[in-house]
Amino acid sequence: MGKTNKVKINFLIKAIILLLVISLCPQVSLMKHINKTENNNLNKTLDLHAMAEKYEELIQKDLYTPLDTFNGDLTGYAADCPLCGGKLGCNGLDVLTNRTTNFYDSTYGTVRIVASSGSLPCGSIVQFDLPGLFNEKVTAIVLDRGVGGTNLDLLVESEEYAYNNIGRQYITYDVLRFGYKR
């Protein structure tokens with residue numbers, strides 16, 4: 001069971017116990033007054049599903065809150081470019097053989113792959129807009145090296161696609177995670 005699931009379960013258990021104690025014990029009426037909480041639900045039931053959804057909403061909101069914002073040039077590259085070996089510099093994944101431009105991250109799900117300078121640690125998650133190419137924000141993970149400063153290089157299907165669709169664009173991007181831990 002993942003760390004996030006354990007945290008969710010512990011939170012829900014503590015919340016349920018607290019609400020049961022408050023609603024069932026008359027001695028806790030002082031606690032109700034101090035915390036200014038009361039259960040106005042006529043049948044005194046708890047909607048655990050609603051509580052879990054709210055908790056998940058808070059977690060998602062936190063995951064997508066930027067930790068920092070940078071500006072830089074965005075370019076595109078392909079695994080078969082003349083100076084590329086097809087293996088990512090951060091984890092050695094062979095994207096040339098696997099023909100992939102995406103990576104599955106346990107926290108953010110399926111994300112695009114970008115190259116960065118050492119200014120962003122491997123595993124960092126970034127998010128940026130590419131209007132006209134993607135309908136929603138692009139969420140990507142740093143799994144390769146080879147660019148300077150605060151620039152990013154987006155892994156795409158082919159050099160032709162990179163040249164025709166991405167070119168060189170000045171972007172602003174948010175860092176959602178530095179390295180593999182938030």
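Of note:
- In terms of its alpha-carbon gyration tensor, segment 68-177 comes out rounded; the largest-to-smallest axis ratio a/c stays below the 1.5 threshold.
- Those aspartates and glutamates that a straight Cα-Cα span of less than 18 Å connects to LYS54, excepting residues fewer than 8 apart in one chain: ASP62
- Multiplying the residue separation of MET51 and ASP129 by 0.36 nm and subtracting their alpha-carbon distance yields 24.8 nm.
- Residue-wise HN-Hα couplings along segment 170-178, as the Karplus relation 6.51 cos²θ - 1.76 cosθ + 1.60 with θ = phi - 60° gives them from phi, are 7, 10, 10, 10, 9, 9, 8, 8, 9 Hz; Gly and Pro carry x.
Where a number appears in this text, it was derived from the coordinates with a stated rule and is not lab data. Predicted model, so just to flag it, every value in this text is computed and none were measured.
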